[in-house]
Each structure stands twice: as structure tokens, then as C-alpha cells.
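The values are calculated or read from the model by the stated rules, or taken from the named source; none is laboratory data. Predicted model only: the values in this text are computed from it and were never measured. Here the Cβ positions follow ideal geometry from the backbone for every residue, glycine too, while neighbour counts run over all protein chains shown. For the accessible areas, the whole protein counts, side chains as well, though only heavy atoms, and no ligand, DNA or RNA atoms are used. Shrake-Rupley method; radii C 1.70, N 1.55, O 1.52, S 1.80 Å.
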Amino acid sequence: AEMCIRDSIIDEATGAGKLQGLDKTSPDDLKIVKKEHGGLRQEAKALTFGIGYLCSYNSIKYTFNVSDNVAKGILETYWNAYKTEWEFIQARVKEASDNGYVLNFGNAPLLTPDMTTNFDDKDNMNKIRPVWNSYAQSAAFFTLRAMDKFMRRMRLEGLEDEVSPFLSVYDSIILEST
């Protein structure tokens, strides 16, 4: 489902059909995308990361030269697909707004004076984004640290063959166990 949503977002942002006929799971087709459609690939990555870090529809509108309706539709489509993630973000922002701070992973307080839950206000979003980024990055750091400790323990106990090493790619973690 994630690929389908991202495909539709990419099509909306870059003009539908430019990648038609390519198999997104094929290593050979991935090489074609990188070589012949590198710009589209970079746009898709920028869009995905931008949304994940709470970019505004205006940011999408100006970055991808699309209308207000298309930019708003992209955000709506994305957050409808990732409803639980959006609800989690909203809950953290509400907590930060109500308390005047939020604790990131590691229990460091992030002060949030004058921050509200209004995601449509540009000035307020400039307060929300760094808090959310810090919160998300601290979660990623502690998750990676725990995974590293786990892998070290597996090696120490002679069980490294039971679990494949993990790979961290940006904010994604890939772990395969046998």
C-alpha cells in the first residue's frame, strides 16, 4: 500500500505517467529510474521526507509547481494513508502545547512556549517542526542504539548467525531474522 500511495503522490507532483511501464521492484528498472529519471526520484524523496517532517501544502505547492488543490490533496492522501502516524503526531503536539514542553526519548525536555495545535498557522508550524524533528530524531537514535546493543549481545553470546545485521537507511530500519 505504501508504494501505491507514494506512486500516486509522485504522479500528482510530477505529472502522471512518466514512470509508466517500469517495475518498481526490478533492480534493472531501478537503474533506469536513477539514470533517466533521477530528477523525479529526487523530487519523490524530497516530497516523502518533507511530508514526514511536516512540510506545509505551500511548501509542496512551490517546490513542485502545483496548484493549492493538488498540494492539499497530496497531504490529505498521504495522511489518510498514514492515519495512525498523523494521530500520533497530533497527540504529541497537543501534549507539548498543553504542558509547555514535551519530553523526547532520553527524557530531555523540549520547551514549547506559545505553541498551539493549529497546523494551518505558518508561524505556529515554525514552532512545531523543530520540536517534532527533535522528537522523531531522538526516537530514531535510541532505537538504533538499542538495536546496536542487541547485535553486540548476539555476537557476544555466539548467536550472530540467528539474526542478520540491521541496516539503517535515513529514518528507516531494516532487520531480517532467520
Practice task
State the number of residues belonging to segment 152-178 that are modelled with pLDDT under 85 and either within 17 Å of G106 (Cα to Cα) or assigned to a helix (DSSP H, G or I) (or both).
Solution key: 3
Problem - Residue tally, condition assigned to a loop (DSSP other than H, G, I, E, B) and open to solvent by less than 70 Å² (accessible area, probe 1.4 Å), over segment 106-116 - result: 5
Practice task
Tell me, yes or no, whether segment 83-93 has at least one residue that is in contact with a strand residue (DSSP E or B) (Cβ under 7 Å, 6 or more places away or on another chain), assigned to a helix (DSSP H, G or I) and of a type outside the set (S, T, N, Q).
Solution key: yes
Problem - Any pair with Cβ under 9 angstrom, 6 or more apart, that starts in segment 72-84 at a residue that is within 11 Å of T48 (Cα to Cα) and free of Cβ contacts under 8 Å to residues at least 40 places away in the same chain and ends at one that is part of a helix (DSSP H, G or I) and open to solvent by 40 Å² or more (accessible area, probe 1.4 Å) - result: L75/Y57
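For residues in segment 117-126 being charged (D, E, K, R) and under 15 Å from C55 (Cβ atoms), which is least open to solvent (accessible area, probe 1.4 Å)? It would help to see each step written out before you state the result.
Filtering segment 117-126 down to residues charged (D, E, K, R) leaves 120-123.
In the following step, the residues that additionally are under 15 Å from C55 (Cβ atoms) were identified as 120-122.
Working: D120: 148, D121: 62, K122: 156 Å².
Once the filter is applied, the top-ranked residue is D121.
For segment 94-105: of the residues being open to solvent by less than 70 Å² (accessible area, probe 1.4 Å) and closer than 15 Å to P130 by Cβ, which is nearest to the chain's Cα centre (by Cα)? Steps first, please.
Restricting attention to segment 94-105, the residues satisfying the condition of being open to solvent by less than 70 Å² (accessible area, probe 1.4 Å) are 95-97, 100, 102, 104.
Still in the list and also closer than 15 Å to P130 by Cβ: 96-97, 102, 104.
Values: A96: 20, S97: 22, V102: 20, N104: 17 Å.
Going through the qualifying residues, I end up with N104.
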Practice task
Tell me which residues, restricted to segment 120-164, are of a type outside the set (K, R) and in contact (Cβ under 8 Å) with a residue 40 or more places away in the chain.
Solution key: M125, I128, W132, N133, Y135, A136
Exercise for the section: For A140, indicate whether it is of a type in the set (A, V, I, L, M, F, W, C), at pLDDT below 85, under 20 Å from S56 (Cβ atoms) and in a helix (DSSP H, G or I). Expected result: no
Fill in the blank from the handout: Sole miss for N80 among (1) within 25 Å of A146 (Cβ to Cβ); (2) assigned to a helix (DSSP H, G or I); (3) not small (G, A, S) is condition (1)
Completion exercise
If we keep only residues of segment 61-77 that are open to solvent by 50 Å² or more (accessible area, probe 1.4 Å) and part of a loop (DSSP other than H, G, I, E, B), then the residue farthest from K45 (Cα to Cα) is S67
